[in-house]
Every structure is written in structure tokens, then in C-alpha cells.
Amino acid sequence: MDLESIRDDFERRGIRQVKVAGADIDGVLRAKVISTEKFYGALEKGLRFCDVIFGWDIEDALYTHHGVTGAHTGYPDLIAKIDLHALRTPEETPGLAHVLIDFHGEN
């Protein structure tokens, strides 16, 4: 699926936002909703996503004595890459597409 066909499909379906979601350290999906324009840009260069999601527990309390991230790292951003194989436009959420993201180190 190329960018032009995604744009055409979103336009035809009236998609104006995309919910991007990736699994945290506990396997909980952490998501944010972005505009389609930001989504199109993220397809090319990735999307910045704070790595604090790898320092929270399932109730959003910070883990202590955790080496992955924390105050000692300053919670830097990760680059999230969009997995177009997981792109969905369910009828239950008109105007909103859904997609999974994969996290890739600091940038």
C-alpha cells in the first residue's frame, strides 16, 4: 500500500484522524490520536513517542529501580514506525483509522 492509495482511501472514507498504538513494557497498548497529515509525515520519517511508556506499570505508576528508562535518562523520545499491515478503518469509528506502531531506539 503506497501513500497515494492511503490518501485516496482516507479521503473516500472521510478519515481525518488516526489512532496509533504500541505495546508498553507490560503489553498494554498505549495510543495517541494524530491528524492524517501528521500520519502521512510519520510514514516517511517515523513518529516521536516518549519512552516513559517503558517506565510505567499497568496503573501508570513509575517503576523504581528500573534500568530501561527513568529520571536518569530524562525519558527521551523513541521513534515509532507505522506498521501498515495493521492499518484498519473500522466502521464503528467513523473518521478514525487505527494502526499499530513498532518502537525503535532513541533519536
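About its Cα centre, the chain has a charge dipole of approximately 280 debye under the convention of +1 per Lys or Arg Cβ and -1 per Asp or Glu Cβ, with nothing else charged. In the chain, a dipole from Cβ-located charges (positive for Lys and Arg, negative for Asp and Glu) runs towards its positive end, and of Gly14, Tyr75, Ile53 it is Gly14 whose Cα lies farthest in that direction. Among Ile15, Ile58, the order of accessible area from largest down is Ile58, Ile15, computed with a 1.4 Å probe on protein heavy atoms. Rounded to the nearest 10 square angstrom, Glu92 shows an accessible area of 150 square angstrom against a 1.4 Å probe. Near Glu11, once Lys and Arg are set to +1 and Asp and Glu to -1 for all other residues with Cβ below 15 Å from its Cβ, the sum equals -1.
Loop-only chymotrypsin sites (Phe, Trp or Tyr not before Pro) in segment 23-107, please: DSSP not H, G, I, E or B, and at most 16 other Cβ atoms within 10 Å. Please report the intermediate quantities before stating the final value.
Working: sites: Phe39, Tyr40, Phe49, Phe54, Trp56, Tyr63, Phe103; in loops: Tyr63.
Counting only loop positions with at most 16 other Cβ atoms within 10 Å, the chymotrypsin sites (Phe, Trp or Tyr not before Pro) in segment 23-107 are Tyr63.
If we count every other residue with Cβ under 13 angstrom of Met1's Cβ, Lys/Arg +1 and Asp/Glu -1, where does the sum land? Display every interim value, and only then the final one.
On the way: positive: Arg7, Arg88; negative: Asp2, Glu4, Asp8, Asp9, Asp83.
Once all neighbours under 13 Å are counted, the net charge is -3.
Per-residue Karplus couplings for segment 54-61, computed as 6.51 cos²θ - 1.76 cosθ + 1.60 with θ equal to phi - 60°, are listed in order as 9, x, 9, 8, 5, 9, 6, 8 Hz, Gly and Pro entered as x.
How big is the C-alpha Rg of the chain next to the rule-of-thumb value 2.2 N^0.38 Å, as a ratio? Normalised Rg, Cα atoms only: 1.17.
Over the chain, accessible surface divided per residue gives 62 Å², non-protein components excluded, 1.4 Å probe.
The values are calculated or read from the model by the stated rules, or taken from the named source; none is laboratory data. What you see is a predicted model, and the numbers here were worked out from it, not measured in a lab. With ideal geometry, Cβ positions are generated from the backbone for all residues, glycine too; neighbour counts draw on all protein chains shown. Areas reflect the complete protein model, heavy atoms only, side chains present, ligands, DNA and RNA absent. Shrake-Rupley method; radii C 1.70, N 1.55, O 1.52, S 1.80 Å.
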